[in-house]
């Protein structure tokens, strides 16, 4: 059996500097950056996703950025297929694939495989979304606690996408998603059989500093024109705030502000709070992740460490 190829990751919660570290490594080594970000994969969602400028993306190409139209639905399964293709292309070209992002469900699907889940059903999703708009996602989370307590235990009451998916799976299969995951029969698709993973994750300097950085980062997005970006999107005939792409953290709250459901101050407060909750969930995932090599937010030190590991693995 031949030697396994290496795949490197830079994981971390929102706002810790994953992209800055990736492009610093790009300057020194022959790598291909593959984005693991459920928002940056959409076209036009630029400011609110923290996407690099067009000029910087030309200099530092990111695979799986600007891939989808806003109305398209995407899933961990589709990401897995796309990411494997990009990984294979990178290795075939003689480069090192570097997966960068904070969408932990995508990383999980890639590294640990997928259960045999039913495909997405737009009718059910739309019905759940409308119900959530009236009663709130915590109300639907309570329903999930009855139908699938094991999944509910792992999902935050405000994590709309995961609550929606778990309830959708139950409606389509009449089985709890946790049972389908436990009994999955496709373990043969684990990439660990083919590749060696070296997984780096950035650790925030402190919880308090990270909370302040999230506030500052959202303020900067507003200063850069986030509201105008969303306003221009919503003004287009075929685009509306019910799209999954526009229900992501930050964009959802700006849409609600523009549609008159929130005041400006409420929008800012909710967007920052939701982002902090997202960051907390990401860190919870990472703390339970196996074989993580933690690096600091000090770019120079972290570049040296990651570079050493990449060169060592060649």
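Let me confirm something: among 130, 142, which residue is outside the structural domain of residue 261 (by TED's automatic domain parsing) and either closer than 14 Å to residue 77 by Cβ or out of contact with any helix residue (DSSP H, G or I) (no Cβ under 9 Å at 6 or more places or on another chain) (or both)? Unique residue meeting the criteria: 130.
So for the stretch 138-147 (the condition being farther than 29 Å from residue 250 by Cα, modelled with pLDDT of 85 or more and surrounded by fewer than 16 Cβ atoms within 10 Å (Cβ to Cβ)), does at least one residue qualify? Break it down into steps so the answer makes sense when it comes.
Within the stretch 138-147, the first condition is being farther than 29 Å from residue 250 by Cα, and the residues that meet it are 146-147.
Next, from what is left, pick out any that are modelled with pLDDT of 85 or more: 146-147.
From what's left, surrounded by fewer than 16 Cβ atoms within 10 Å (Cβ to Cβ): 146.
Yes, some residue in the stretch 138-147 is farther than 29 Å from residue 250 by Cα, modelled with pLDDT of 85 or more and surrounded by fewer than 16 Cβ atoms within 10 Å (Cβ to Cβ).
Conditions tested, residue by residue: (1) over 29 Å from residue 167 (Cα atoms); (2) in the same structural domain as residue 245 (by TED's automatic domain parsing); (3) free of Cβ contacts under 8 Å to residues at least 60 places away in the same chain.
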site	(1), (2), (3)
84	no, yes, no
92	yes, yes, yes
95	yes, yes, no
103	no, yes, no
107	no, yes, no
126	no, no, no
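In the stretch 149-172, the count of residues that are out of contact with any helix residue (DSSP H, G or I) (no Cβ under 8 Å at 6 or more places or on another chain), part of a helix (DSSP H, G or I) and either in the same structural domain as residue 96 (by TED's automatic domain parsing) or touching a residue at least 40 places away in the same chain (Cβ under 8 Å) (or both) is zero. When you look at residue 31, is it touching a residue at least 40 places away in the same chain (Cβ under 8 Å), surrounded by 18 or more Cβ atoms within 10 Å (Cβ to Cβ) and farther than 27 Å from residue 249 by Cα, yes or no? Yes; evaluated as a whole, the condition is true for this residue.
If you take the residues of the stretch 69-83 that are surrounded by fewer than 16 Cβ atoms within 10 Å (Cβ to Cβ) and outside any loop (DSSP other than H, G, I, E, B), which of them is modelled with the lowest pLDDT?
The first filter runs over the stretch 69-83 and keeps only residues surrounded by fewer than 16 Cβ atoms within 10 Å (Cβ to Cβ), leaving 69, 71-73, 77, 81.
Checking the rest, the ones that are also outside any loop (DSSP other than H, G, I, E, B) come to 77, 81.
Details: 77: 85, 81: 92.
Only one residue fits best here, namely 77.
Looking across the stretch 281-299 at every residue that is in contact (Cβ under 8 Å) with a residue 12 or more places away in the chain and in a helix (DSSP H, G or I), the one that is surrounded by the fewest Cβ atoms within 10 Å (Cβ to Cβ) is identified as 299.
The values are calculated or read from the model by the stated rules, or taken from the named source; none is laboratory data. Note that the coordinates shown come from a computational prediction; the quantities given were computed from them, not determined experimentally. Methodologically, a virtual Cβ is constructed for each residue, glycine included, from the backbone with ideal geometry; neighbour enumeration extends over all protein chains shown.
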